[in-house]
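Participant: Shown below is the structure under consideration.
The values are calculated or read from the model by the stated rules, or taken from the named source; none is laboratory data. Please read all numbers here as calculations on a predicted model, not as lab measurements. Every residue, glycine as well, gets a Cβ built from its backbone with ideal geometry; the counts of neighbours run over all protein chains shown.
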Amino acid sequence: MDFLTATTQARPQYGIIIFPDSGLPLPVKFRTQLEIGFGNGEFTVQYAKANPEIFLYGIEISQSCVLRCSRRAAGLDNLKIINTDARYMLRELFEDETLEKIFMQFPCPWPGNGNAHRRVTARDFSDGLAAVLKINGIFEMVSDDENYSREVWRVLGLHEALKAENFEINPAREITTKYERKWLEQGKNIFRLTFRKLKSFTVERRVSQEMHIKIKNKINKNDVEALKNISGKDESKKAFWKFGNNFTDGEKFLLDTLTSDDEFEQKFYINISPRDEGFLIRLDKTSGAFLTPAVRSALTDAAQRLCTGRS
């Protein structure tokens with residue numbers, strides 16, 4: 001079992017850590033499937049064990065859940081775990097028409113109008129699903145919330161590349177979750193929705209692979225220190241960034257940076273290193289951040305400020 005992470009805080013004893021700069025999109029095999037939001041990984045690991053012929057990716061935003069799943073998955077070679085936000089990263093991780101199935105077990109319904117962009121029904125998310133699924137590929141969602149299930153059934157069924165195929169109540173399932181068994185014992189209904197991709201669909205990718213900025217200026221500790229608490233934003237891209245503390249060995253600097261792309265947050269270091277007669281500014285590889293529009297904007301802003309001496 002490999003452990004793919006977007007952070008540096010993961011424990012390497014649970015698998016091989018592959019950082020985002022190892023390359024996107026991710027490799028896929030003949031039968032590759034994806035589970036989004038696997039929680040503690042009980043279902044994920046049982047599913048991978050029961051289906052050795054498929055290769056399974058799991059995406060989970062909670063690092064504690066990722067670690068619990070990793071422990072459960074010891075010895076499995078057909079499962080990789082991704083510690084990131086599927087809402088933003090699904091389209092970045094996979095090429096078009098590469099996954100035969102995507103499934104979600106009991107996703108949060110995110111009630112309230114202010115949370116509409118976080119739901120499965122958000123157009124950005126459903127477009128990502130429609131892009132990365134193979135033709136005739138399946139998206140399956142299981143939920144205990146009837147209102148949410150019917151909303152997903154209605155909205156995704158209207159997507160031009162997807163067909164609403166089955167809406168089942170209390171379907172027989174060979175593998176169930178702990179909470180699912182508890183809810184069924186209490187007489188609570190479980191809903192399973194199935195959608196099939198009927199035609200090709202694509203989306204624009206936002207994450208790039210590499211970005212280096214060369215400046216001719218000489219930079220010292222005070223120059224980098226002046227960036228602390230400086231922030232910026234690009235409302236057209238829903239991008240925000242803020243600089244924090246810096247660390248140095250006397251030559252190279254690491255600038256602590258926080259970015260947000262439409263609420264997809266990342267914390268990482270900007271590497272500021274001497275190169276020839278100036279300095280090279282780039283994303284530090286140990287940070288494990290994805291090079292999103294906000295990250296690119298932060299790199300550009302830092303370079304411009306260090307180049308002109310404005311803070």
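Participant: Scan 39, 128 and give me the residue that is small (Gly, Ala, Ser) and crowded, with 20+ Cβ neighbours inside 10 Å.
Facilitator: Numbers: 39 fails: crowded, with 20+ Cβ neighbours inside 10 Å.
Of 39, 128, the one residue that is small (Gly, Ala, Ser) and crowded, with 20+ Cβ neighbours inside 10 Å is 128.
Participant: Residue by residue through segment 160-184, note down the ones that are over 17 Å from residue 103 (Cβ atoms) and part of a loop (DSSP other than H, G, I, E, B).
Facilitator: Correct list: 160, 161, 170.
Participant: Only residues that are free of Cβ contacts under 8 Å to residues at least 60 places away in the same chain and under 9 Å from the mean Cα position of the chain (by Cα): list them for segment 68-100, please.
Facilitator: Step one: list which residues in segment 68-100 are free of Cβ contacts under 8 Å to residues at least 60 places away in the same chain, which gives 68-69, 71-72, 78, 86, 90.
Those that are free of Cβ contacts under 8 Å to residues at least 60 places away in the same chain and under 9 Å from the mean Cα position of the chain (by Cα): 86, 90.
Participant: Every residue in segment 232-250 that is among the acidic types (Asp, Glu), under 30 Å from residue 116 (Cβ atoms) and surrounded by fewer than 15 Cβ atoms within 10 Å (Cβ to Cβ), please. Even if it seems obvious, please write down each step before you answer.
Facilitator: First pass over segment 232-250, keeping only residues among the acidic types (Asp, Glu): 234-235, 249.
Add one more test, that the residue is under 30 Å from residue 116 (Cβ atoms), and what stays is 234-235.
Residue satisfying the conditions is 235 alone.
Participant: Out of the residues in segment 279-289 that are more than 14 Å from residue 256 (Cβ to Cβ) and at pLDDT 90 or above, state the one that is nearest to the chain's Cα centre (by Cα).
Facilitator: For segment 279-289, the residue satisfying everything is 282.
Participant: So, one more: Return yes or no: is residue 94 surrounded by 22 or more Cβ atoms within 10 Å (Cβ to Cβ) and not acidic (Asp, Glu)? Step through it out loud before you land on a result.
Facilitator: On the way: surrounded by 22 or more Cβ atoms within 10 Å (Cβ to Cβ): yes; not acidic (Asp, Glu): yes.
Judged against the criteria, residue 94 is a match.
Participant: Determine whether residue 306 is in a loop (DSSP other than H, G, I, E, B), surrounded by 14 or more Cβ atoms within 10 Å (Cβ to Cβ) and more than 27 Å from the chain's Cα centre (by Cα). Break it down into steps so the answer makes sense when it comes.
Facilitator: Details: in a loop (DSSP other than H, G, I, E, B): no; surrounded by 14 or more Cβ atoms within 10 Å (Cβ to Cβ): yes; more than 27 Å from the chain's Cα centre (by Cα): yes.
It is false that residue 306 is in a loop (DSSP other than H, G, I, E, B), surrounded by 14 or more Cβ atoms within 10 Å (Cβ to Cβ) and more than 27 Å from the chain's Cα centre (by Cα).
Participant: Here's something else I'd like to know. Regarding segment 270-277, can at least one residue be identified that is among the charged types (D, E, K, R), in a strand (DSSP E or B) and either within 24 Å of the chain's Cα centre (by Cα) or in the same structural domain as residue 88 (by TED's automatic domain parsing) (or both)? Before you say what the answer is, go through the steps one by one.
Facilitator: To start, the set of residues in segment 270-277 that are among the charged types (D, E, K, R) comprises 275-277.
Subset that is in a strand (DSSP E or B): 275.
Pick out the ones that are also either within 24 Å of the chain's Cα centre (by Cα) or in the same structural domain as residue 88 (by TED's automatic domain parsing) (or both) and you get none.
No: segment 270-277 contains no residue that is among the charged types (D, E, K, R), in a strand (DSSP E or B) and either within 24 Å of the chain's Cα centre (by Cα) or in the same structural domain as residue 88 (by TED's automatic domain parsing) (or both).
Participant: Being touching a Leu at 6+ places or on another chain (Cβ under 7 Å), touching a residue at least 12 places away in the same chain (Cβ under 8 Å) and crowded, with 16+ Cβ neighbours inside 10 Å narrows it down to one of 264, 253, 268, so name that one.
Facilitator: Numbers: 264 fails: touching a Leu at 6+ places or on another chain (Cβ under 7 Å); 253 fails: touching a Leu at 6+ places or on another chain (Cβ under 7 Å).
Testing whether each residue is touching a Leu at 6+ places or on another chain (Cβ under 7 Å), touching a residue at least 12 places away in the same chain (Cβ under 8 Å) and crowded, with 16+ Cβ neighbours inside 10 Å leaves just 268.
Participant: Taking segment 52-65 only, how many residues are closer than 21 Å to residue 90 by Cβ and either among the aromatic types (Phe, Trp, Tyr) or not in a strand (DSSP E or B) (or both)?
Facilitator: Step one: filter segment 52-65 for residues closer than 21 Å to residue 90 by Cβ, giving 54-63, 65.
Among the residues that remain, those that are also either among the aromatic types (Phe, Trp, Tyr) or not in a strand (DSSP E or B) (or both) are: 54-55, 57, 61-63, 65.
Adding up the residues that qualify gives 7.
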